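Visitor: Just dropping this structure here.
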């Protein structure tokens, strides 16, 4: 397990993460890329706990995702199964478990203030926090080749991961209203959504 974790985590995070995995008794499964989620936690029918994480995540997002999912397990064990998955109990647990990792030995210094702000009130997904998501994406392989909605001119036509085409509209408070070309339905997109520009 130690050798496996070294492939996916920042070096100084390997030992404390291994200790957390052993302490909670969770089975960590590293899987092929899934577009819709970075990871998930499940309690298996036999009562054991399993966390699944995408193998394609950069080390910093992998670490945040791992602790996010372990926080689900710890919160459910401590407060019971009736709590909301991303409610107050989970947020407090996530903050507590993540705090020892928010250090310059583990994260690049330019990420630390963004992480500190995010963990004042962590979201259900790091992608929901556009500022943090974009900061983390800078460490993805092939980052320079990616295009995000916020970069596109108003009225641009773009394609998303499932092949659907949209036209970029105005920004609401945080997200962009975009019209699906085939159906004329309006969808809201986070500014950090990765897209393929078709026509500007």
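Values in this text are rule-based calculations from the coordinates and carry no lab data. Here the structure is a predicted model, which is why all the values come from computation and not from measurement. All Cβ positions, even for glycine, are placed from backbone atoms using ideal geometry, and neighbour counts span all protein chains on display.
Visitor: With contacts defined as alpha carbon pairs under 8 Å and 6 or more residues apart, what's the relative contact order of the chain in percent?
Guide: 14 percent
Visitor: Take the chain, connect every pair of alpha-carbon atoms lying under 10 Å apart with a spring to form a Gaussian network, then pick out the residue of 48, 66, 20 with the largest mean-square fluctuation.
Guide: Ranking 48, 66, 20 by mean-square fluctuation puts 48 first.
Visitor: Which ordering of 64, 102 is given by a fewest-first count of other beta-carbon atoms within 10 Å?
Guide: 102, 64
Visitor: Would you compute the Debye intensity of the range 2-141 from its alpha-carbon atoms alone, equal scatterers and no solvent, and pass along log10 I(q)/I(0) at q = 0.11 Å⁻¹ to two decimals?
Guide: One equal scatterer on each Cα of the range 2-141 leads to -0.37.
Visitor: While we're looking at this one, here's another question. Considering every Cα-Cα pair within the range 146-199, what fraction, in whole percent, is farther apart than 13 Å?
Guide: 50 percent
Visitor: Moving to a separate point now. What percent do you get for the relative contact order of the range 106-173 when only Cα pairs under 8 Å and 6+ apart count?
Guide: With pairs under 8 Å counted, the relative contact order is 18 percent.
Visitor: Right, something else. Can you grab the distance from the C-alpha centre of the range 151-200 to the C-alpha centre of the range 9-32, Å, no decimals?
Guide: About 37 Å separates the Cα centre of the range 151-200 from the one of the range 9-32.
Visitor: Just want to confirm a number: the relative contact order over the range 38-110, from Cα pairs under 8 angstrom separated by 6+ residues, in percent.
Guide: With pairs under 8 Å counted, the relative contact order is 24 percent.
Visitor: Ignoring everything except DSSP H segments at least 4 long, calculate the 222 nm mean residue ellipticity for the chain; use -39,500 (n - 2.57) per segment, divide by total residues, nearest 500.
Guide: Result for the chain: -10000 deg cm²/dmol, rounded to the nearest 500.
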